[in-house]
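Down below is the structure, laid out as structure tokens.
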Amino acid sequence: MLVKRVLTAVSAAVAAAMLSGCGFTQVSGGGWIPSVVEGEKANFGFWGDSCYEGVQGNFNYHDMNAVEGGVKMNGWVTEAADCAVPGLNVDAMGLCEKCRDIVQQAGLSVPEDGSGLAVLAADYRSTNPQNKGEGKLIACMADNGEGSKAIADDMIAVKVTKGPFKGYFNKGYVQGNIQQWSCPES
């Protein structure tokens, strides 16, 4: 019975990896990027983890002057993927491909091999009382290293695909920090 449970758990983890994008990851970050309104800031904080059973995490974003009452989102991560896993080309949800397109559209730079590039998909709830509702977003981010070993500033791009803020898109180099880790080996 124990062997059956272990095999079921392993099968579920493999299926989750296939659905979550390119590979398992842990990623977190916070800080601000320039707002879509010149001279303003958009604040964010997030964490996502696809290393264990299922995907967990949250995503908070606030661009105060982008619309009346602000683009204010509080959400839960539904997918998290490392977009630079060597030899793994399974991307059933197309998240890593979408992420690369978003980064290219944003004009942001990431290493050619995609190292440090991660993507989160999240369901969100608007916390702006003037724009109530729920929706979906994709956030692409790059951890480009720490301190003197950094190859560039960390970056993030946020694209809202459904809900009250559908069509909102913002990107920038992070004033704060993004960190990505490989999953611990079991």
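In table form, for the structure just shown:
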{"read-out": "Considering residues of the range 152-186 that are in contact with a Ser or Thr (Cβ under 9 Å, 6 or more places away or on another chain) and aliphatic (A, V, I, L, M) only, the residue nearest to ARG100 (Cα to Cα)", "value": "MET155"}
{"read-out": "Residues (out of contact with any helix residue (DSSP H, G or I) (no Cβ under 6 Å at 6 or more places or on another chain) and assigned to a strand (DSSP E or B)) located in the range 155-176", "value": "MET155, ILE156, VAL158, VAL160, THR161, LYS162, PHE169, ASN170, GLY172, TYR173, GLN175, GLY176"}
{"read-out": "Residues that are outside any strand (DSSP E or B), under 21 Å from ALA84 (Cβ atoms) and touching a strand residue (DSSP E or B) at 6+ places or on another chain (Cβ under 9 Å), drawn from the range 119-154", "value": "ASP143, ASN144, GLU146, ALA152, ASP153, ASP154"}
{"read-out": "Odd one out for GLY39 among (1) crowded, with 16+ Cβ neighbours inside 10 Å; (2) at pLDDT 95 or above; (3) small (Gly, Ala, Ser)", "value": "(1)"}
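The values are calculated or read from the model by the stated rules, or taken from the named source; none is laboratory data. Quantities reported herein were computed from a predicted structural model and do not represent experimental measurements. When we count neighbours, we look across all protein chains shown, and the Cβ atoms used for this are built from the backbone with ideal geometry, even at glycine.
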